[in-house]
Amino acid sequence: MGLRISKNNRHLEKEGSPFFYLADTCWSAFTNIDGPSWEYYLQYRRRQGYNTLQINILQQWDASETALDNHPFALDEEGNFNFYEIRDAYFEHAHKMCKRAKEYGFELALVVLWCNYVPGTWANKMMRNNTMPYECLEDYVTKVHQTFSSLNPIYVLSGDTDLDEEISRGYYAKAGGILRERAPECLQTYHIRGRMVEIPDEIIDKLDFYMYQTGHSAKPKDLPMTYEMPEYFLKNYPQKPLINAEPCYELIGYASRMYGRFHQFDIRRAAWQSLLSGASAGIAYGAGGIYSWHMYGKKFAPCIGEGFDMPHPWQTALHYPGAWDYGDIRNIFEDNQIHDLIPRQDLLLNDTEEIRVAMAEGEREGESEKEHEREYEKEHEREARILIYAPENTTIKLNVNIHDIVRVKIIDLETRHAERGRVYLVDDVCCIEMHTFSKDALYVVEIKK
């Protein structure tokens with residue numbers, strides 16, 4: 001049995017229990033990774049707490065060069081895909097990789113049609129040489145179903161796509177329709193272009209949950225997208241689980257060939273600002289060098305896509321420290337039995353949007369409904385929690401009655417050290433004393449209900 005949507009349409013569930021979607025992004029797995037490397041990768045990411053893998057079924061357009069000969073279709077004389085001739089061996093290999101991932105406990109989020117294969121998209125306008133003919137679509141999607149549906153994946157119908165053109169929307173609608181008919185138990189979503197929020201009405205109704213991506217732009221105007229985008233989704237679309245499926249990757253070069261790279265703090269900030277602003281169903285980590293599966297001595301084309309700088313080889317990128325920070329996020333959610341987060345910026349009195357505030361909802365682990373009812377009067381004052389993410393150190397000012405605060409725990413997100421916070425009044429304003437840590441922190445504020 002695969003993943004399901006919770007009754008309140010806020011999070012995913014697995015076998016009836018809340019499922020925090022913690023994905024690693026490995027778009028190029030099927031074309032670039034050999035067997036022993038796949039085993040090492042799965043083992044390491046499992047230990048870090050990841051429970052989902054995001055993989056492109058077809059060849060990633062900005063994958064690194066590989067010595068492997070894994071192609072989903074036969075090649076013509078110019079080296080382009082002959083979409084009329086599917087290579088069975090490729091899909092058998094991909095199924096074997098996915099089956100092994102499932103044995104390690106991973107769920108699969110498989111992209112069916114990355115945007116470069118679909119006419120009318122921004123990427124296809126840059127690279128038209130591998131456009132899938134519409135008449136080949138049904139045979140390809142049928143092959144996808146036959147290969148993967150028994151593994152209960154999430155079908156991510158689109159990859160990095162815009163939805164401006166009728167022709168591209170038609171491709172995705174057909175692919176989604178085929179898979180919905182033949183694999184109705186598999187969840188469906190779209191992975192849309194970075195910093196894009198506009199989704200046509202006819203697509204909204206077909207999505208089981210939303211994916212968006214804040215992406216890899218370091219332009220000042222784009223950095224607030226980590227909290228502005230989930231706010232837009234909550235305000236403008238029906239309630240469904242929401243996930244930032246592509247925040248900035250660790251040590252990827254800035255988009256548009258800007259000089260610089262995103263580091264551990266940058267990706268941690270992007271994750272927590274997304275989660276506390278409404279995208280609380282999960283988060284996806286990405287590392288430059290992993291998504292493209294780069295190796296020493298192989299080419300990486302910086303002119304493709306958004307113009308990223310050369311990545312480290314995967315052996316180095318796999319061990320970037322920020323991957324552990326994302327594993328910590330899942331631990332924090334599960335340790336505190338957080339199933340949903342409701343944005344509550346109205347509780348913050350600091351004059352900044354960078355600090356994000358949300359109210360945690362969820363039932364204590366192991367409690368039946370009757371047990372919960374019996375213990376409610378005794379424990380209800382400790383059940384409500386306010387979560388506050390502060391990228392930089394400052395006194396936190398809250399629109400909260402100080403007498404309702406039971407306890408404050410402040411977690412240093414760099415070290416996972418925790419200190420007890422002190423609350424006090426200044427001109428009748430509830431304040432939490434500035435913590436002693438040097439970087440960003442998460443405040444867990446227990447309050448009376």
Fill in the blank from the handout: Contact order relative to length for the stretch 284-360, counting C-alpha pairs under 8 Å separated by 6 or more residues, stands in percent at 25 percent
Problem - Environment charge of A23, counting only residues whose C-beta is closer than 11 Å and scoring Lys/Arg +1, Asp/Glu -1 - result: -1
Fill in the blank from the handout: Taking r as the C-beta separation of E228 and R128 and R0 as 45 Å, the FRET efficiency to the nearest 0.05 is 0.85
Fill in the blank from the handout: Which of H93, H216, H191 fluctuates most in a GNM of the chain (C-alpha springs under 10 Å)? That residue is H93
Handout entry: Fraction of antiparallel bridges per DSSP, the stretch 4-337 only, in percent to nearest 5
Key = 25 percent
Exercise for the section: Sticking with the crude label model, points 7 Å out along Cα→Cβ, report the distance from D88 to Y296 in nm, one decimal please. Expected result: 4.0 nm
Completion exercise
log10 I(q)/I(0) for the stretch 1-129, Debye formula on C-alpha points only (no solvent), q = 0.13, 0.21 Å⁻¹, two decimals, reads -0.64, -1.26
Problem - C-alpha center-to-center spacing [the stretch 224-299, the stretch 321-336] in angstrom - result: 15 Å
Practice task
Taking the chain as the reference, fit the longest principal axis to its C-alpha atoms, fit the long axis of helix 322-335 to the helix C-alpha atoms, and give the angle between the two in degrees, 0 to 90, nearest 10.
Solution key: 50 degrees
Practice task
Could you tally the net charge around L53, taking each other residue with its Cβ under 9 Å from the Cβ of L53, Lys/Arg +1 and Asp/Glu -1?
Solution key: -1
Problem - Dipole magnitude of the chain, debye to nearest 20 (Cβ charges: Lys/Arg +1, Asp/Glu -1, about Cα centre) - result: 540 debye
Fill in the blank from the handout: Taking the chain and counting helices only, DSSP H stretches of n ≥ 4 at -39,500 (n - 2.57) each over all residues, the nearest-500 ellipticity at 222 nm comes to -8500 deg cm²/dmol
Exercise for the section: Report relative contact order for the stretch 237-312 in percent, whole number only (criteria: Cα-Cα under 8 Å, sequence separation at least 6). Expected result: 40 percent
Exercise for the section: At 7 Å along the Cα-to-beta-carbon direction for both S37 and N80, put a label point, then send me their distance in nm to one decimal. Expected result: 2.8 nm
Problem - Net +/- balance of residues flanking K299 in space, Cβ distance below 12 Å, scoring K and R +1, D and E -1 - result: -1
Handout entry: N331 paired with K439, simple spin-label distance in nm, labels 7 Å along Cα-to-beta-carbon
Key = 1.5 nm
Handout entry: Rel. contact order, % - alpha carbon contacts under 8 angstrom, at least six apart, the stretch 4-337
Key = 19 percent
Problem - Alpha-carbon centroids, the stretch 3-48 and the stretch 399-420: separation in whole Å - result: 31 Å
Completion exercise
Packing-ranked peptide list from 263-275, 61-73, highest mean Cβ count within 10 angstrom first, is 263-275, 61-73
Handout entry: Paramagnetic reach from R47 (point 7 Å along Cα→Cβ, amide N under 20 Å) across the stretch 72-110
Key = 100-107
Handout entry: Helix 166-182 vs. the chain, principal-axis angle (Cα, 0 to 90°, nearest 10)
Key = 80 degrees
Completion exercise
Applied in sequence order to the stretch 344-349, the curve 6.51 cos²θ - 1.76 cosθ + 1.60 (Karplus, θ = phi - 60°) yields integer Hz couplings, x standing for Gly and Pro, of 9, 5, 5, 7, 9, 9
Completion exercise
With the dipole of the chain defined by +1 on each Lys or Arg Cβ and -1 on each Asp or Glu Cβ, the option from Y296, V423, V112 whose Cα lies farthest towards the positive pole is Y296
Handout entry: Pairwise FRET efficiency - S256 versus E15, Cβ, R0 = 51 Å, nearest 0.05
Key = 0.75
Handout entry: R0 of 22 Å, Cβ-Cβ distance K221-N8: FRET efficiency to nearest 0.05
Key = 0.05
Exercise for the section: Please give the contour-minus-distance gain from H417 to K448: 0.36 nm per residue of separation, less the Cα-Cα distance, rounded to one decimal in nm. Expected result: 8.6 nm
Handout entry: Gain upon complete extension [K409, A67; 0.36 nm per residue less C-alpha separation]
Key = 118.1 nm
Completion exercise
A correct fewest-to-most ranking of R193, R416 by other Cβ atoms within 10 Å would be R416, R193
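The numbers here are math on the coordinates, done by the rules we state, and not lab data. Note that the structure is predicted; figures quoted are calculated from it, not measured. Because the Cβ atoms are built from the backbone with ideal geometry, glycine has one as well, and the counts that use them run over all protein chains shown.
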